[in-house]
Structures are given as C-alpha cells and as structure tokens.
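Bear in mind these aren't lab numbers, they're just calculated from the coordinates by the rules spelled out. Everything numeric here is computed off the predicted structure, so don't read it as measured data. Every residue, glycine among them, receives a Cβ derived from its backbone with ideal geometry; neighbour counts consider all protein chains shown.
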C-alpha cells in the first residue's frame with residue numbers, strides 16, 4: 001500500500017516547519033517539505049528524517065506557478081499551505097488542489113482571505129475534497145474555545161482574544177511582512193465600529209506573563225464569529241509583544257501610516273526582523289493566549305469566562321501549527337469527512353487540540 005502523502009508548502013518556515021515536524025510523527029506517512037529554496041527544503045527534510053525516522057523528501061515548488069500535475073505526480077493526498085503572507089495571495093493554490101483532487105489546508109489569518117474561501121465551496125464539493133482556510137490560532141483554536149464554552153451562555157455577547165508570543169520566537173520574514181502590512185490600516189469587522197491595525201493601545205495583565213501592552217490586529221474572528229454566534233456584538237483580537245519597546249514602536253509606525261507619512265511599512269520587514277533577532281535576550285521563550293467570553297446566562301445575569309493557554313520552553317509557535325496537523329490527520333485516517341470549502345472553524349474540538357499538545361510545555365485553564 002502506498003504511504004499517505006502530505007505536502008507542506010512553506011514547510012521549512014516558522015510555522016510550516018512545526019506542522020511538518022508534528023506530522024512526521026504520524027506512522028507510515030510520506031512527507032514532502034516544499035518551498036522555493038531547494039537547499040533549505042532538503043536540509044529541513046533531512047533533519048526531520050534523522051530525528052523521527054519519517055519518510056521525508058524535499059521539493060522546489062512555487063505556489064504561484066504550481067500545477068495539478070505537480071501534485072498528481074507525487075501522489076499528494078493533502079497539501080498544507082504555510083507560505084504566507086496571505087494578505088497578498090489569491091486562491092491559486094487552493095484551486096490547483098481542487099483540480100488535482102487534493103485536500104487543501106492553510107494557516108491564513110487574514111480576515112477577507114479566510115472568510116472568502118467559501119467561494120470555492122461548489123468546486124471543492126464536486127471534486128470531493130476539503131478546502132479549509134485559517135487552520136491556525138485564529139479562527140481554529142479561538143473558535144474551538146468559544147464552541148467549548150458557548151453552551152454555558154444563553155447568549156454570547158463579546159469575545160476578546162489576546163495573542164502574546166515570547167520574544168525568543170522568530171516569526172520569519174513572511175509573517176513580519178504580514179504584521180507590518182496591517183499597521184494603521186482599517187480592520188474589517190462586524191458592525192459600524194472601525195478599528196485600526198496596531199492601534200487601540202491599552203495595558204492588560206495576562207496569565208503566566210504579567211502586564212503587557214495590547215493592540216488591535218486583523219483576524220478572521222472579527223467576521224466569522226458574529227455569523228456563528230447569534231447576538232454577538234463584537235469579536236476583538238489583539239496582539240501583545242513581550243518587549244514593550246517593540247510593541248510601542250509598531251504602535252508608532254501604525255500612527256505614521258494613518259497619517260499618510262509611511263505608505264509601505266512591510267518594506268521594513270527584513271531590517272526590523274534582523275534587529276529583533278539580535279535582541280532576543282531582552283525577552284523569554286514564554287507566550288500565551290487569553291480568550292475572554294462574556295454574555296448572559298439563562299437567568300439573564302452577566303457571565304464571563306477567561307480561558308488561557310500558557311506555553312513555555314519556546315513551544316508557543318506549535319499552537320498555530322496544531323489545527324493543520326489535526327485536520328491533516330483526520331483526513332488521512334478518515335475520521336474527518338467534511339467536504340467543500342470552509343473556514344477552519346467547527347472542524348476541531350478544544351479537547352482534540354489539547355490532546356494533540358499534551359506532550360508540550362503548555363498549560364490551559366480558566367479564571
């Protein structure tokens with residue numbers, strides 16, 4: 001019998017590499033690490049194979065020019081797209097997967113990209129494949145948390161998510177460009193309220209981390225949650241850098257963008273990332289995610305739940321990698337039978353996610 005074959009596009013990157021690493025632990029899998037650099041793909045595939053004993057290979061692929069034949073020739077069953085930033089992409093890779101009869105999963109966190117994946121629903125159903133976008137911290141993990149606790153509310157009114165990485169984590173150039181590209185820009189959301197990327201500065205205490213500055217960031221939750229939970233008034237998502245000077249620096253750049261004095265902040269990605277990596281000693285390898293759900297109980301009284309996930313030992317980046325791993329495993333073993341095109345919300349339970357990360361230095365709980 002042929003090995004079930006998963007291709008990870010961007011598979012040696014900050015998040016794709018962690019997806020590949022976790023998938024390599026699945027017995028009998030064939031794993032391809034793909035990207036534009038042959039040297040980096042081959043090096044990463046070799047290291048994974050040596051460390052896990054997995055059947056790992058490398059391929060040079062550019063999603064913009066990839067063809068269905070590229071996937072058919074390799075016998076690919078599932079493609080995980082970790083080649084952001086998705087704000088600058090269309091659905092070319094997803095459409096190639098549909099044409100090849102290959103399941104598609106991506107780690108996008110761009111609101112319009114993730115929400116718009118439903119436009120491919122009819123095509124995906126005809127091909128008998130699952131096409132899902134947003135298999136990452138938001139909306140996949142955040143949605144699983146809200147789903148887990150929503151039954152305890154008669155009405156969920158607000159959801160607030162804070163993502164707080166440790167300074168030791170290097171996000172890579174693509175993720176840095178994605179962050180910078182949203183500075184000072186209007187964020188699509190529900191209702192008439194307008195917020196701007198990396199604005200709305202405030203101080204908040206986070207479990208396991210202490211006080212941090214937080215600021216608005218783009219996330220699919222802002223669009224998807226009001227559609228999923230009737231009566232929801234707002235779904236805010238914030239980012240919180242560990243080093244206050246870095247956070248306030250981005251807040252200042254966002255102000256320059258809003259004032260029209262800085263038009264292409266993403267051009268600063270390489271320089272700012274290099275500076276950050278020289279200053280990793282300023283922070284730690286601890287990060288967390290805090291999700292607050294507020295609403296009314298059956299008696300009409302206000303109720304609030306604060307759920308947190310704290311990661312140590314540099315394990316925080318496995319959080320956004322986990323949903324893509326779980327969806328891939330579900331498709332390969334047949335336990336996930338959903339077909340069509342959909343944001344990655346409602347496909348995974350919180351119990352599934354916590355079980356997958358049980359071997360990592362992470363602790364979840366409510367307050």
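Numbers at a glance
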item: Degrees between helix 269-278 axis and first principal axis of the chain (Cα, 0 to 90, nearest 10); result: 80
item: Antiparallel DSSP beta bridges within the range 92-240, as percent of all bridges there, nearest 5; result: 55
item: Sites residue 367 and residue 64 - FRET efficiency at Förster radius 45 Å, r taken between beta-carbons, to 0.05; result: 0.50
item: 0 to 90° range, to nearest 10: angle between helix 244-258 axis and the chain longest Cα axis; result: 90
item: FRET efficiency, 1/(1 + (r/R0)^6) with R0 35 Å, evaluated for residue 359 and residue 301 via beta carbons; result: 0.35
item: Estimated distance in nm for a label pair at residue 279 and residue 25, the labels positioned 7 Å out from Cα along Cα-to-Cβ; result: 3.5
item: Taking 158, 67 and counting other C-beta atoms within 10 Å, the order from fewest to most; result: 67, 158
item: Whole-Å distance, taken between Cα centres, linking the range 266-298 and the range 1-69; result: 27
item: Likely footprinting exposure, 92, 52, fewest C-beta neighbours within 10 Å first; result: 92, 52
item: On Cα atoms only, tilt of 38-52 relative to the major axis of the chain in degrees; result: 90
item: Estimated [θ] at 222 nm from DSSP helical runs (n ≥ 4, -39500 (n - 2.57)) normalised by residues in the chain, nearest 500; result: -10000 deg cm²/dmol
item: Virtual spin-label span in nm between residue 122 and residue 201, 7 Å along Cα→Cβ; result: 4.9
item: Relative contact order (%) - the range 1-90, alpha-carbon pairs under 8 angstrom, separation at least six; result: 36
item: Centroid-to-centroid separation of the range 73-101 and the range 186-254 [C-alpha atoms, Å]; result: 29
item: Residue order, fewest to most beta carbons within 10 Å, for 248, 350, 7; result: 248, 350, 7
item: The range 137-162 versus the range 302-367: alpha-carbon centroid distance in Å; result: 13
item: Percent antiparallel among DSSP beta bridges (both partners in the chain, rounded to 5); result: 50
item: Candidates 63, 74, 143, ranked by Gaussian network fluctuation over the chain, Cα under 10 Å, top entry; result: 74
item: Highest-MSF residue in the chain out of 194, 257, 237 [GNM, Cα springs under 10 Å]; result: 194
item: Three-way shape label, the range 39-131, alpha-carbon gyration tensor, a/c 1.5; result: prolate
